[in-house]
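Report on one structure; see the data block that follows.
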Amino acid sequence: MNLDGFSAIITGGASGLGAATARELTSRGVKVTLWDLNEDLGNEVANELGGAFAKVNVSSEEDALAGLEVAMSAHGAPRILINCAGLGRAHKIVGKDGPMPLDDFKFVVETNLIGTFNCSRLVAAEICKTEPMEHGERGAIVNTASVAAFDGQIGQIAYTASKAGIVGMTLVMARDLSNMGIRVNTIAPGIFQTPLFARAPQNVVDSLAASVPFPKRLGEAPEFAAMAVQLCENSYMNGETIRLDGAIRMAPR
């Protein structure tokens with residue numbers, strides 16, 4: 001699928017994996033709209049790329065619909081959605097302070113899992129309205145899970161549940177949207193160099209890098225972006241979750 005001239009929406013697009021993907025898509029001639037809660041950074045990246053920005057809480061139907069209006073006003077109907085927005089809160093199901101607060105579990109699942117579903121359903125409804133291309137293809141959705149979906153560590157129960165849910169949705173979403181010509185794939189990244197790790201002590205970063213079989217380093221955001229773009233371009237790639245992790249298998253802690 002030739003992406004030149006397409007319109008794309010990237011959630012979590014103000015920084016990290018989302019911003020890197022927005023830059024890579026822009027280099028392929030794609031017009032991008034970034035959805036994020038960070039207005040200052042979102043507008044900065046959007047201005048850099050000649051794109052648009054909307055402040056969107058991905059778990060809110062109202063916010064996502066408003067973000068769609070911004071995207072369509074700026075660049076027309078979308079063909080691509082990249083779901084990068086996500087977060088985590090570390091708690092054991094039962095810790096020294098008692099059971100994990102239910103609201104913390106709900107918050108992570110609402111943002112990561114329900115947010116991915118919410119944006120996918122609303123953007124897909126607009127992609128469906130576009131003219132079909134060769135073989136009836138209309139567009140592509142790329143979700144972001146995590147290796148935690150398979151190798152969840154101690155204290156990651158909410159994050160793991162939300163990311164495993166995204167993996168579980170992938171094939172069903174691809175099947176649901178197959179008659180509309182929309183492909184759906186998911187990337188499950190390992191340990192990546194993101195703004196979160198920029199604040200980590202060097203010894204922590206070095207220890208994490210040493211746990212990766214090869215290459216012995218953290219993943220870099222452009223590597224995620226390259227995979228996301230390939231999943232958009234390759235018209236026979238559908239319904240799949242790909243681990244992008246240097247062959248790491250996470251230990252319990």
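Below is a table of values for the structure above.
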{"read-out": "Single match in ALA14, ALA66, ALA46, ALA20 (criterion: of a type in the set (A, V, I, L, M, F, W, C) and touching a residue at least 40 places away in the same chain (Cβ under 8 Å))", "value": "ALA20"}
{"read-out": "Failed item in (1) crowded, with 17+ Cβ neighbours inside 10 Å; (2) under 17 Å from the mean Cα position of the chain (by Cα), with SER60 passing the rest", "value": "(1)"}
{"read-out": "Test: ARG175 is farther than 22 Å from SER7 by Cβ, in a strand (DSSP E or B) and at pLDDT 95 or above", "value": "no"}
{"read-out": "Single residue of the stretch 6-30 satisfying the filter (part of a strand (DSSP E or B) and small (Gly, Ala, Ser)) that is farthest from PRO222 (Cα to Cα)", "value": "SER7"}
{"read-out": "Scope the stretch 185-207; condition in a strand (DSSP E or B) and basic (Lys, Arg); matching residues", "value": "none"}
{"read-out": "All positions within the stretch 228-237 that are surrounded by fewer than 19 Cβ atoms within 10 Å (Cβ to Cβ) and not charged (D, E, K, R)", "value": "GLN230, ASN234, SER235, TYR236, MET237"}
{"read-out": "GLU110 vs. criteria of a type in the set (D, E, K, R), more than 25 Å from MET169 (Cα to Cα), surrounded by fewer than 18 Cβ atoms within 10 Å (Cβ to Cβ) and out of contact with any Leu (no Cβ under 7 Å at 6 or more places or on another chain)", "value": "no"}
{"read-out": "Answer residue from the stretch 141-165, given it is farther than 21 Å from GLU223 by Cβ and of a type in the set (Val, Ile, Thr) and is surrounded by the fewest Cβ atoms within 10 Å (Cβ to Cβ) among those", "value": "ILE154"}
{"read-out": "Per-region count, the stretch 179-208, residues under 27 Å from ARG138 (Cα atoms) and either touching a His at 6+ places or on another chain (Cβ under 7 Å) or free of Cβ contacts under 8 Å to residues at least 60 places away in the same chain (or both)", "value": "9"}
{"read-out": "Selection status of THR33, part of a helix (DSSP H, G or I), among the polar types (S, T, N, Q) and within 20 Å of the chain's Cα centre (by Cα)", "value": "no"}
{"read-out": "Single match in PRO201, PRO222 (criterion: under 15 Å from the mean Cα position of the chain (by Cα), surrounded by fewer than 19 Cβ atoms within 10 Å (Cβ to Cβ) and either small (Gly, Ala, Ser) or farther than 15 Å from ILE248 by Cβ (or both))", "value": "PRO222"}
{"read-out": "Only one of GLY165, GLY190, GLY155, GLY219 that is touching a Phe, Trp or Tyr at 6+ places or on another chain (Cβ under 8 Å) and farther than 25 Å from GLU134 by Cα", "value": "GLY219"}
{"read-out": "Residues of the stretch 208-253 that turn out to be outside any helix (DSSP H, G or I) and touching a Lys or Arg at 6+ places or on another chain (Cβ under 6 Å), as a count", "value": "1"}
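The values are calculated or read from the model by the stated rules, or taken from the named source; none is laboratory data. All of these numbers come straight from a predicted model, not from anything done at the bench. As a convention, Cβ positions derive from the backbone with ideal geometry for all residues, glycine included, and neighbour counts pool all protein chains shown.
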